[in-house]
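The values are calculated or read from the model by the stated rules, or taken from the named source; none is laboratory data. None of these values were measured; they are calculated from a predicted model. When we count neighbours, we look across all protein chains shown, and the Cβ atoms used for this are built from the backbone with ideal geometry, even at glycine. Heads up: the accessible areas ignore ligands, DNA and RNA and are worked out on the full protein's heavy atoms, side chains in. Shrake-Rupley method; radii C 1.70, N 1.55, O 1.52, S 1.80 Å.
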Amino acid sequence: MSDAGLARERTWLAWWRTILVAAGVALLAARMAATGGDPLLVALALAGWTALFVVAFRRYRSRRAGPGPALPLLAFFTAGYAALGTLLVLIR
Amino acid sequence: MAGVLGKIRRWLDPEEVRRVGTTPDYRFSLANERTFLAWIRTGLALVAGGLATAQFLPPLPIAHLREVISVALLLLGGAVAVRAVDRWARTERAMRLGRDLPSSRFPALLAILVGLGAALLVVAVLVQAFR
């Protein structure tokens, strides 16, 4: 069976989809923090997405089959957005 | 507690899972990674739903119901994301050792929760429409 890097390309596209969904989440969190008048949390929400982008890009550049710490980092960022959202709901 | 911390340390150590068994075909590992990413997107969608509920839903007739729905969606999203890592590591381990993939009730549980939530919303909409 031939596979000229297609599995790797599919995986990279899956990373892209995930990063784009994360951008939507980051913008929603930033909007909620902005309407609450909390510039620090706005910056945190946007910085989180930037960091996620760096994690994804490093995963792509490292040409190894093993993903390294990228996967737990991605999960912790997702849980972090959940925690940030909960905080924003509770302080409003 | 020590068990939880040890688990988190193992998740963050990329070489940990490579210490057992033999490396499978890289396509299987990449497929496992894509499955993980699909679960992360599911978690992110739940988090987005929670954030949107808090911001775009008008206050509901029952006090704090909007906030309860929002926090429930946010926590569910976070739980889905954390579980995705555990699932990835256990699947990778099973593939390396040539064992059966781990089974899980979690997808069924999540489906039941989402289904129940949807049914409740249908009831709420119907009650509003015919009142």
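Restricting to the range A:1-34, what's the tally of residues that are at the interface with chain B (Cβ under 7 Å from one of its Cβ atoms) and hydrophobic (A, V, I, L, M, F, W, C)? The number of residues fulfilling the criteria is 9. Taking A:P67, is it outside any helix (DSSP H, G or I) and at pLDDT below 95? When the stated conditions are applied, A:P67 passes them. Of the numbered criteria (1) of a type in the set (A, V, I, L, M); (2) open to solvent by less than 40 Å² (accessible area, probe 1.4 Å); (3) without any contact (Cβ under 8 Å) to a residue 24 or more places away in the chain, the one B:L44 fails is (3). Scanning the range B:83-118 for residues that are over 19 Å from B:A45 (Cα atoms) and loosely packed, with under 14 Cβ neighbours inside 10 Å yields a count of 9.
When A:A75 is tested against (1) touching a helix residue (DSSP H, G or I) at 6+ places or on another chain (Cβ under 6 Å); (2) open to solvent by 60 Å² or more (accessible area, probe 1.4 Å), exactly one condition is not met: (2).
If you check B:L113, B:L60, B:L101 for being in a helix (DSSP H, G or I) and of a type in the set (A, V, I, L, M), only one passes: B:L113.
If you filter the range B:7-29 down to residues that are more than 9 Å from chain A (Cβ to nearest Cβ) and at pLDDT below 75, you find that the one that is nearest to B:L97 (Cα to Cα) is B:E16. For A:G37, are the conditions met, namely being on the phi > 0 side of the Ramachandran plot and either at the interface with chain B (Cβ under 9 Å from one of its Cβ atoms) or out of contact with any Cys (no Cβ under 7 Å at 6 or more places or on another chain) (or both)? The answer is yes for A:G37. Of the residues making up the range B:61-74, those that are open to solvent by 40 Å² or more (accessible area, probe 1.4 Å) and in contact (Cβ under 8 Å) with a residue 24 or more places away in the chain number 1.
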